[in-house]
1. Within segment 42-54, is there a residue that is loosely packed, with under 15 Cβ neighbours inside 10 Å, more than 24 Å from the chain's Cα centre (by Cα) and not basic (Lys, Arg)?
2. For segment 237-266, give me each residue that is of a type in the set (S, T, N, Q), assigned to a loop (DSSP other than H, G, I, E, B) and under 24 Å from Gly100 (Cα atoms).
3. For segment 336-364, what are the residues that are of a type in the set (D, E, K, R), surrounded by fewer than 20 Cβ atoms within 10 Å (Cβ to Cβ) and within 19 Å of Gly377 (Cα to Cα)?
4. Test Leu97 against the stated conditions and say whether it is surrounded by fewer than 20 Cβ atoms within 10 Å (Cβ to Cβ) and either modelled with pLDDT of 95 or more or among the small types (Gly, Ala, Ser) (or both).
5. Can we say Gly152 is at positive phi and touching a Ser or Thr at 6+ places or on another chain (Cβ under 7 Å)?
6. Among the residues of segment 176-196, write down those that are closer than 28 Å to Leu379 by Cβ and either of a type in the set (S, T, N, Q) or surrounded by fewer than 16 Cβ atoms within 10 Å (Cβ to Cβ) (or both).
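The values are calculated or read from the model by the stated rules, or taken from the named source; none is laboratory data. Just so you know, these numbers come straight off a predicted model, no measurement behind them. A quick note on method: Cβ atoms are made from the backbone with ideal geometry, for glycine too, and the neighbour counts reach across all protein chains shown.
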Amino acid sequence: MTNKNSHPIVSDFSLAYGRQRSAIRELFEYGKTKAREIGNEYIFDFSIGNPSVPPPHQVDEAFSSLLAECDPIALHGYTSAPGDFEVRKAIAAQLNLEYGTSFDESSLYISCGAAAALSTTFRALSISGEANEFITLAPYFPEYKCFVEGHGAKLVIIPPKLPDFGISLEAIDRAITAATRAIILNSPNNPTGRVYKKEELEALAALLRKKSAAIGHPLFIVSDEPYRELVYDGIVTPFIPLIYENTIICYSYSKVFSMPGERIGYILVNPRAEAARDIYDAIAGSARSLGYVCAPSLIQRVIARCVNTRPNLEPYDLNRKTMYEGLTAVGYECVRPEGAFYMFVKAPGGDAQAFSDHARLRYNLLVVPSESFGCPGYLRLSYCVSLERIKSSLPLFDMCLKSFNS
């Protein structure tokens with residue numbers, strides 16, 4: 001945007017992202033608008049990962065007890081910029097108990113969810129005056145592009161490894177340059193539900209150690225983990241700091257505690273990482289420069305009381321099975337998710353946007369086309385809705401497929 005003298009008024013980058021919402025948010029907003037017109041019961045919105053399972057009762061109890069017991073001035077006042085000391089101490093203790101580690105509060109920085117954690121970390125790892133690249137594996141969460149490019153860096157996208165959506169070591173090897181700062185991993189993955197196995201991660205760690213030595217600086221894994229506990233069939237998400245020393249975890253409680261609007265998470269800098277103290281201080285400086293003064297005080301303290309709480313997976317698992325079986329029974333080709341709460345479906349005819357438009361305009365089925373995930377030809381369905389909603393939608397999905405193919 002320029003004035004009459006052709007002088008820029010605002011950032012072209014910011015203007016472009018501000019005017020073009022993500023495909024996910026676009027469908028979500030469409031659904032809300034359409035629901036006001038015709039009634040929510042006629043809209044089948046599978047666009048956004050907004051949990052339908054209530055928060056664990058421990059979360060509600062923590063809110064109530066904190067409000068009843070605590071001095072309101074202290075409860076709602078500023079905490080330290082990295083987060084309240086006792087909150088960080090409680091999170092470190094929970095991680096140590098679960099993974100046999102020896103973290104302390106000095107490795108944890110409390111953030112406003114995983115989005116703020118990621119953006120802060122990318123800024124901290126981007127070297128001033130140099131080219132900076134971050135590698136991610138398609139399909140990937142579309143906002144990575146915004147988070148990375150917002151700090152002047154480049155997002156390098158590895159094409160999807162088919163048919164299993166695993167880690168393509170050969171492609172990563174080819175993509176790494178002297179400008180590479182980190183590999184972004186997301187497991188369980190949004191949108192496929194894929195959980196990377198320990199053996200895959202060990203092979204990746206070996207490659208990164210080799211390439212780090214070759215290019216003369218450490219390569220980091222930035223692990224985006226909002227779905228770490230949302231796994232099924234007895235699967236356990238490997239804890240990457242136990243596998244690769246140069247790991248930074250960006251975690252969120254939003255999905256596991258069913259409170260995405262509360263925006264709370266943390267950055268964990270593995271103390272075994274090269275220059276771990278410098279990385280942590282750079283993260284603190286990045287948060288400061290971005291205006292992240294401290295995460296909300298009340299929510300921090302809620303987390304401290306709930307760190308050992310685990311989600312109720314049964315509703316999500318039932319939704320997963322119901323949707324997978326229902327869709328495959330009528331002819332859809334789906335990736336069976338191992339975690340998170342998304343179904344990745346091969347787009348009938350190969351044109352995801354065309355099928356998404358058909359589903360939306362003819363049947364009020366809101367499904368996200370996969371182009372912005374770096375993996376054309378698929379659809380993402382978020383099944384964290386009520387079971388009744390899934391069951392009611394299945395006949396519509398059947399009709400949608402038949403009418404699209406006719």
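1. Checked segment 42-54: at least one residue is loosely packed, with under 15 Cβ neighbours inside 10 Å, more than 24 Å from the chain's Cα centre (by Cα) and not basic (Lys, Arg).
2. Residues satisfying the conditions are Thr237, Asn246.
3. Arg336, Lys346, Asp351, Asp357
4. For Leu97, the condition - surrounded by fewer than 20 Cβ atoms within 10 Å (Cβ to Cβ) and either modelled with pLDDT of 95 or more or among the small types (Gly, Ala, Ser) (or both) - is met.
5. yes
6. Asn186, Ser187, Asn189, Asn190, Thr192 - these are the residues of segment 176-196 that are closer than 28 Å to Leu379 by Cβ and either of a type in the set (S, T, N, Q) or surrounded by fewer than 16 Cβ atoms within 10 Å (Cβ to Cβ) (or both).
For (1) modelled with pLDDT of 95 or more; (2) of a type outside the set (A, V, I, L, M, F, W, C), each residue gets a yes or a no:
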| residue | (1), (2) |
| --- | --- |
| Ile184 | yes, no |
| Thr237 | yes, yes |
| Met259 | no, no |
| Ile267 | yes, no |
| Ala273 | yes, no |
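Conditions (1) surrounded by fewer than 22 Cβ atoms within 10 Å (Cβ to Cβ); (2) among the hydroxyl-bearing types (Ser, Thr, Tyr), marked per residue:
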| residue | (1), (2) |
| --- | --- |
| Ser106 | yes, yes |
| Phe122 | no, no |
| Ser128 | yes, yes |
| Asn132 | yes, no |
| Ala138 | yes, no |
| Cys146 | yes, no |
